[in-house]
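Report on one structure; see the data block that follows.
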Amino acid sequence: MDSEYFNILFSPIMLGNLEIKNRIVFPAMHLNYTPEGYVTDQMTAFYENRARGGVGLIVVGGCTIDKVGGGHFMIRLDTDDFVPGMADLAKKLHAHGTKVFTQLYHAGRYVASWMINGDTPVSASSVPSKLTNETPRPLTKEEIKQIQQYYADAAMRAKKAGMDGIEILASAGYLICQFLSPLTNQRIDEYGGTLDNRMRFGIEVYKKIREAVGDDFAIIMRLSGSDFVKGSNTINETVEFAKSLEQLGINGFNITGGWHETHVPQLTFSVPEGAFSYLAMKVKQAVKVPVIASNRINNPGLAERFINDGWADMVVMGRALIADPMFPEKARKGQLHEINSCIACNQGCFDNIFNGLPAGCLVNPIVGREHEIKISKTGKPKKIAVIGAGPAGLEAAVTLAKRGHKVDLYEKEKWIGGQFNLASVVPDKEGFYNLLLYYAHQLEHYGVNLHLGKPISKNNLSKLKADEIIVATGAAPLIPNIEGLEEGIEDGYVKLAWDILSNEFAGTSENIVIIGGGAVGCDVAVYITQDGTMNEKTARFLLENDAEDPLLVQQLLKQSTRKVIMLEMLDKTGKDIGKSTRWPIMQQLKRRGVKMYTNTKVTRIEEGKVFAESNGQTQAFDAGIIVLATGVISHNPFSKIKDKRIHVIGDAQITAKALDAIKQGFELALTL
Ligand SMILES: Cc1cc2nc3c(=O)[nH]c(=O)nc-3n(C[C@H](O)[C@H](O)[C@H](O)COP(=O)(O)O)c2cc1C
């Protein structure tokens, strides 16, 4: 089908003898929808929606191939019992013209023993894993042959189930990487030592699978473009591995970034869009089979450019299609305003998985419930007033309007967004602003009457002509009881975090003390320590013209003119930040020289000084400016009003993450 827009992205491509209708790949993602390893309705509905949205290829998985390579809760292909479920899934996805692969997964030393009934994880050698803090045992040669057979058996099951091909997982630090890397492979037999020897395990896996499935079945491999781990493989070794596999007849490569153990962020909002695609380009220059670029490719224009510029033949769009399953169709028709973009917050997807929960999505609250929820038109349209246009209120208003209700949305400010406006000024968090643009478009599209600059008070609440009233008035900064704090606020040397993030001038002082090291305190620290760092354009100019020592440029990129101290009462800074996002933020703050104190309680403030207690000792900190980031409390001016029409959602009810606020807005809107 000819596309009206993005002709290259929507042109077909061959992987071996298999034609794929366009260049968009939904990658393997462990979604935690398969508690027993069998395909479930939850999982089928999720994938069917993506197929309906027009994606060319879906890679289902990672699928475990044996008892020690992954948990029982991963999608399983280790016995024939799992074939009928897969077959049913393949049939349903094929009905939309989407091709389907399964990813064969063996985590080696990345699996924790609790996931595999207390067994000891296996690997090339017994090198401890930083991911699990466990030490694996080395595989014997007999076991190596056995595992290779398991790969082949699982591939045959995928073929029997009617899948169109398979992807072998050899990225992110999993078992094949553990053989490839000199860091984790210390073997002295033919599987260790030289690169040729280290490649042997992965190559034999490929050969064994090929022997089993025959030449006509598509096989691709997912490779780490560069491990981004000191002393481990770089793009050079990856290219060699790819060339060897190509000679043996592999049909394509999917190139990601580094390992789970890397210090380089891979998935967070700090990763620029398409940042690792240059790795795909390096592989593409060395092989003739198609190469897929991956990570943070979120917009069709960028995808089209990568393919057009010869950096890749296809692109992975993972979280982009979690956020909006209809992304491909909308892009093909040029409906770019309609696309609900991933903001790489990871709150609903990666963090949920880390917490053992099914994958969800902050910007698309139906994710994970697509099998049980339909946004249906109401039989009884009502007049509904929503008070507060923060995340919860916006989601409630849009969903209600979609359902056919007549919605009036009242916001006291002259703009929508509430706390999202604060988040969106933090470097790399512009995605939050894009989400507001999307909501603004949705409000208009679904005919929500937006009343900006219209505060609703206790007095005029009863005058609202509405059948239902939704209170989504958010939160207010929590002002703790600290000696000297009130005077500080009055005299202006204590600022509220929200004011700083609302672009209030933070003063010229070098020394800044932030009271409170939660998510907001960290946001403020990132925001403030941007001051005095070299801008990216200058850095590029200096490097491109070979004008300056790259080490000096690197130093100037991260060296701030602010000296920031952050004081946190709890035992950990950033405790309320999701696991996948916290470490890159901590790393960035450390690089910028932010001094983080934990178990430290501020007891007194005076101009120029903050006094804090830790382990029974009082310490004084110099502070030109003091920033208060001590959390928030619910703000509900109507809490005492008894009115059956009132429903309270989001932070106004209980302070929580934006993920929860949006979910609440959505879920309430489905019930009215
Ligand atoms: C929740 C979640 C689970 C994932 N599980 C897998 C997996 O099982 N196998 C794999 O190769 N990659 C996995 N990934 C990585 C994705 O396939 C993809 O490379 C990553 O999300 C970056 O692409 P994106 O920015 O388009 O989302 C996972 C990512 C997420 C967010």
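The values are calculated or read from the model by the stated rules, or taken from the named source; none is laboratory data. Because the structure is predicted, anything quoted here is derived from the model rather than measured. Cβ atoms come from the backbone with ideal geometry, glycine included; neighbour counts cover every protein chain shown. Note: areas computed on protein heavy atoms with side chains; ligands, DNA, RNA excluded. Shrake-Rupley method; radii C 1.70, N 1.55, O 1.52, S 1.80 Å.
General observations
- Whole-number accessible area per residue in Å² for the range 192-287, which is evaluated in the context of all protein chains at 1.4 Å: 37
- Residue separation of residue 336 and residue 80 scaled by 0.36 nm, minus their Cα-Cα distance, works out to 87.8 nm of gained length.
- Neighbour cut-off at most 10 other Cβ (10 Å), DSSP loop, trypsin sites (Lys or Arg not before Pro), the range 193-265: 230
- Crossing angle, helix 431-445 versus the chain [Cα axis fit, 0-90 degrees, rounded to tens]: 80
- Between the amide H of residue 103 and those of 60, 61, 63, 167, distances stay under 5 Å, these residues lying 5 or more places away or on another chain, with hydrogens modeled in the peptide plane.
- Counting heavy atoms of the protein chains alone, residue 531 has an accessible area of about 60 Å² for a 1.4 Å probe.
- With at most 12 neighbouring Cβ atoms within 10 Å, loop chymotrypsin sites (Phe, Trp or Tyr not before Pro) (DSSP) excluded, longest segment of the chain: 1-414
- Alpha-carbon Rg/Rh ratio, for the range 220-259, with Rh computed the Kirkwood way: 0.99
- FRET efficiency estimate (nearest 0.05) - Cβ-Cβ, residue 437 to residue 644, R0 35 angstrom: 0.50
- Under 5 Å between amide hydrogens, built in the peptide plane, is the criterion, and for residue 563 it picks out 511, 512 among residues at least 5 positions away or on other chains.
- Close amide H contacts of residue 28 (hydrogens built in the peptide plane, cut-off under 5 Å, sequence separation of 5 or more or a different chain): 59.
- Residue-level accessible surface for residue 663, protein heavy atoms, 1.4 Å, Å²: 90
- Computed from label points 7 Å out along Cα-Cβ, the spacing between residue 378 and residue 188 is 7.5 nm.
- Annotation: per residue accessible area for the range 372-526 equals 45 Å², rounded to a whole number [probe 1.4 Å, protein chains only].
- Between 0 and 90°, nearest 10: helix 235-247 axis offset from the chain longest Cα axis: 40
- Between residue 72 and residue 36, the modelled labels are 1.0 nm apart [label points 7 Å from Cα along Cα→Cβ].
- Protein accessible area in the range 549-672, 1.4 Å probe - carbon and sulfur %: 51
- Sorting 540, 109, 582, 23 by accessible area puts them as 540, 582, 23, 109; the probe is 1.4 Å, largest comes first, and only protein heavy atoms count.
- Compared with the dominant Cα axis of the chain, that is its longest principal axis, helix 579-591 is turned about 70°.
- Residue-by-residue Karplus 3J(HN,Hα) for the range 104-113, coefficients 6.51, -1.76, 1.60, Hz, glycine and proline x: 8, 10, 9, 7, x, 6, 8, 9, 8, 4
- Solvent-accessible area per residue in the range 64-116 equals 33 Å², computed with a 1.4 angstrom probe and all protein chains kept.
- P(r), alpha carbons of the range 1-41 - 5 Å bins starting at zero, rounded %: 5, 18, 17, 15, 10, 14, 14, 5, 1
- Point-to-point label distance, residue 197-residue 599, nm (Cα→Cβ direction, 7 Å offset): 4.7
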